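Readers should treat all values here as calculations from the given coordinates under stated rules, not as data from a laboratory. Because the structure is predicted, anything quoted here is derived from the model rather than measured. Backbone-built Cβ (ideal geometry, glycine too); neighbour counts: all protein chains shown.
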Amino acid sequence: MVSCQECFEKIEEYSYFCKNCGTFTNKNSIENDELKKLYQNKMKTFINKVQNENGNETKVLWNETINRYVQTLTKMQSIVSHPEVKDTIRTNTSLITNITNYIEKSRTPEFHIAFVGAIKAGKSTLINALLGKQLASTSVTPETAVLTKFRVAKDNNYVKLSFYNSHEWETLWKSVHDSKSTLFLEEYNKLQADSEKGKWIGQADKTIAFDSEESLKAEIEKWTSSKQATHYFVKEVEVGLTDFGLPEQVVFVDTPGLDDAVRYRSDVTRRYIDRANAVFACVKSDAMTGQELATLYRVFSNTRYNPEKVYVIGTQWDTLNRPDENWKQQKAEWTKYLKQDDCYGNEILAEKNVFAVASYLYNLVTNYENLDDDSMFEIESTALKFRIRDIEANLDKLKELSNIDFLKHILSTEIISKYQDILFEDLEQSYLDIKQDIQTFFEDVRKNNIQLLDAANSDIDQIQREREKSKQNLEEVQQQRESLVNTLNLVRRSTEKRVDELCDQIKKLATR
Ligand SMILES: Nc1nc2c(ncn2[C@@H]2O[C@H](COP(=O)(O)OP(=O)(O)OP(=O)(O)O)[C@@H](O)[C@H]2O)c(=O)[nH]1
Ligand SMILES: [Mg+2]
């Protein structure tokens with residue numbers, strides 16, 4: 001170990017920069033052959049490591065281009081997270097995270113269709129309509145509290161739970177305290193959630209298989225409903241369904257409401273929106289509020305989405321007084337905003353990608369034989385709005401009016417059939433974004449190095465100038481010394497001569 005010349009911090013002898021103050025340190029030590037060898041070996045190992053991390057592990061297989069991107073980013077990951085680079089240049093940690101996420105996402109490509117919107121917009125009810133099962137928890141009060149993914153399962157229906165680890169839990173807890181979220185704490189205390197905490201925080205992922213749909217539904221509710229103490233401790237819940245009926249990569253994601261009064265829950269959705277590959281933004285048909293418009297702007301502003309991958313769904317269409325007429329008026333009003341450049345950018349797309357559905361009506365119709373009295377009353381009063389009295393004879397008509405089959409058609413023709421292409425486009429766009437970040441990062445590193453080298457070189461220059469100066473001084477001194485010696489010699493010689501002369505004169509006088 002040696003000390004930094006600038007801040008005196010202890011540093012490795014072969015280190016180029018002081019980790020404490022960033023000063024270029026080894027300009028002298030690298031002259032030393034032994035250290036130079038040590039440093040070169042270190043670099044060789046590093047380069048080998050980077051080159052070798054190009055093996056099978058990084059293979060993505062499903063697309064050659066993405067394969068190449070992953071290989072390049074794996075090398076970049078090694079470089080930017082190498083201690084020599086990471087600690088000394090203070091690497092941008094979000095760059096490392098983005099690269100890691102990209103590699104992960106490419107290896108296990110999931111095509112996420114997100115259902116987002118305000119609380120009580122009808123997101124979970126819509127998912128249930130598309131699944132053809134009442135699995136996602138719904139309620140008249142805020143309900144979905146956890147990201148819930150629905151996807152295909154191979155053998156059994158299952159629920160997979162991912163719990164917060166203690167570090168994540170502490171971060172969440174701190175953010176709740178920092179934001180003075182009294183509502184969260186009130187709810188948390190009321191549900192006596194703290195007594196459950198020890199059981200779940202830090203648990204490994206847990207997968208539970210189910211035979212019956214009722215027990216599957218109860219388990220989903222246990223972990224996703226805001227009324228259950230257990231929901232606080234899961235990060236996300238994955239539900240596998242053997243009859244999901246869509247390709248294995250396709251995932252429906254139910255999300256907490258974006259205006260949930262418990263801020264950390266709406267933040268989960270806000271952060272998640274950027275991950276989705278297609279979005280169903282659910283807005284109640286009767287009005288689009290400023291908050292909802294702001295949410296839509298956020299969805300559209302994400303550059304990864306082409307606007308055609310965003311569908312604005314007017315939900316609970318059956319609750320309008322005069323569904324047909326009122327929806328026409330609403331849609332005309334919404335289009336004024338949605339055709340603008342911040343959203344669809346044109347009226348044709350806004351016209352095509354905005355439509356209304358009545359998921360609850362669809363769920364009632366498809367479950368008609370098992371309806372209880374209350375539900376029967378609901379379906380009858382809705383049917384009356386369409387002047388339908390004989391429900392049994394008009395089940396198909398009511399189903400058609402719910403528009404869910406139209407949404408399924410859109411899902412299959414515009415999204416699922418193109419999901420590989422969309423996934424590829426998204427990964428390509430993310431790659432370009434990361435590449436830009438890497439370029440900026442290395443540009444910064446280069447500037448940093450140039451500055452350090454300049455500083456180091458200017459030191460050397462100064463030393464050289466001083467050496468030059470002292471050399472000159474020495475020469476001058478030597479010259480002066482020589483001339484002094486000469487003078488002394490002259491003086492001596494002249495003195496000697498004078499003495500000789502004097503002696504001669506004295507001798508002459510003496511002999512007279
Ligand atoms: N009449 C009618 N009611 C609906 C419809 N869709 C949803 N609802 C009702 O609206 C309420 C809220 O529905 P949810 O599906 O729980 O809404 P959400 O958006 O998932 O709500 P959070 O999870 O709390 O954010 C429930 O009582 C549903 O029955 C619909 O199309 N028609
Ligand atoms: Mg919900």
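Structure notes:
- Applying 1/(1 + (r/R0)^6) with R0 = 30 Å to the Cβ-Cβ distance of Gln340 and Lys174 gives a FRET efficiency near 0.20.
- Taken one residue at a time, the phi angles of region 258-263 give Karplus couplings (6.51, -1.76, 1.60, θ = phi - 60°) of 6, 10, 4, 5, 8, 4 Hz. Gly and Pro are set to x.
- What the Cβ-Cβ distance of Ser375 and Arg322 gives, at R0 = 25 Å and to the nearest 0.05, is a FRET efficiency of 0.60.
- From least to most packed, judged by other beta carbons within 10 angstrom and beginning with the fewest, Leu191, Leu246, Leu147 follow the order Leu191, Leu246, Leu147.
- Model label zone, Asn306; criterion: amide N under 16 Å from point 7 Å along Cα-to-beta-carbon; scope region 254-290: 277-279
- Computed packing ranks the peptides 173-179, 113-119 as 113-119, 173-179, most packed first, by mean other Cβ atoms within 10 Å.
- Calculated FRET value between Arg270 and Arg465, using beta carbons and R₀ = 60 Å, to 0.05: 0.55
- Extension gain, Glu482 to Glu64: 0.36 nm times the residue separation minus the Cα-Cα distance gives 142.5 nm.
- Local net charge near Thr319, Cβ-Cβ under 12 Å (Lys/Arg +1, Asp/Glu -1): +1
- When Glu468, Glu213 are arranged by Cβ crowding within 10 Å, least crowded first, meaning fewest neighbours, the order is Glu468, Glu213.
- Taking 0.36 nm per residue of separation and subtracting the current Cα-Cα distance, fully stretching the chain between His82 and Ser166 would add 27.6 nm.
- With the simple model of a label 7 Å out from the Cα in the direction of the Cβ, Thr207 to Lys190 spans 3.7 nm.
- Calculated P(r) tail over 19 Å for region 276-346, as whole % of Cα pairs: 32
- Residues within the reach of a label modelled at Val140 (point 7 angstrom out along Cα to beta-carbon, backbone nitrogen below 19 Å), restricted to region 365-382, are 372-382.
- Calculated Rg and Dmax of region 170-312 using C-alpha coordinates, Å: 17.3, 47
- Between the amide H of Asp260 and those of Ile119, Ser266, distances stay under 5 Å, these residues lying 5 or more places away or on another chain, with hydrogens modeled in the peptide plane.
- Residue order, fewest to most beta carbons within 10 Å, for Phe442, Phe8, Phe233: Phe8, Phe442, Phe233
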